[in-house]
Amino acid sequence: MIDKITIFEYKAISMDLQLEKYKLMEWLVNLKDEAIIHKLKEIKNDRSTTDWSDTVSETEKLMIEAGLKDVEEGNTFTHQQVMEEINKNFPVIPA
């Protein structure tokens, strides 16, 4: 089960992200290397036009849909169950 984060943790994560963006803006304002600026523009333009789902094959889409259906139907395992099964089938041998 995924632990819920507190509102304080969320705000801290959000503030860290904002700080990183400001640092990047400051760096960009002082950047003189035209090749890096050109590459950043390519990244910006590419990310705004391409959605990851456009590159997923039909087989992958079917697998994702099957996985989502399993989740809806409760056909899942907890992390603990998976680890117990792994440890049962692949025991760690002490050195």
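Read phi for every residue in the stretch 56-62 and hand back ³J(HN,Hα) as whole Hz from Karplus 6.51 cos²θ - 1.76 cosθ + 1.60, θ = phi - 60°, with x for Gly and Pro.
Result, ordered by residue: 8, 6, 4, 4, 5, 4, 5 Hz.
Assuming a ≥ b ≥ c are the square roots of the Cα gyration tensor eigenvalues, decide whether the stretch 53-95 counts as rounded (a/c under 1.5), prolate (otherwise, with a/b larger than b/c) or oblate.
oblate
If I model a spin label at Asp54 and Leu19 as a point 7 Å from the Cα along the Cα→Cβ vector, what separation in nanometres do I get?
In this crude label model, Asp54 to Leu19 measures out at 3.6 nm.
DSSP loop GluC sites (Glu not before Pro) in the stretch 13-85 with at most 15 other Cβ atoms within 10 Å of their Cβ, which ones?
Glu73
Since every read-out is calculated from the coordinates, none of them should be taken as a lab result. Remember, it's a predicted structure, so these values are computed and weren't measured experimentally. Ideal geometry is used to build each Cβ from the backbone, glycine not excepted, and the neighbour counts take in all protein chains shown.
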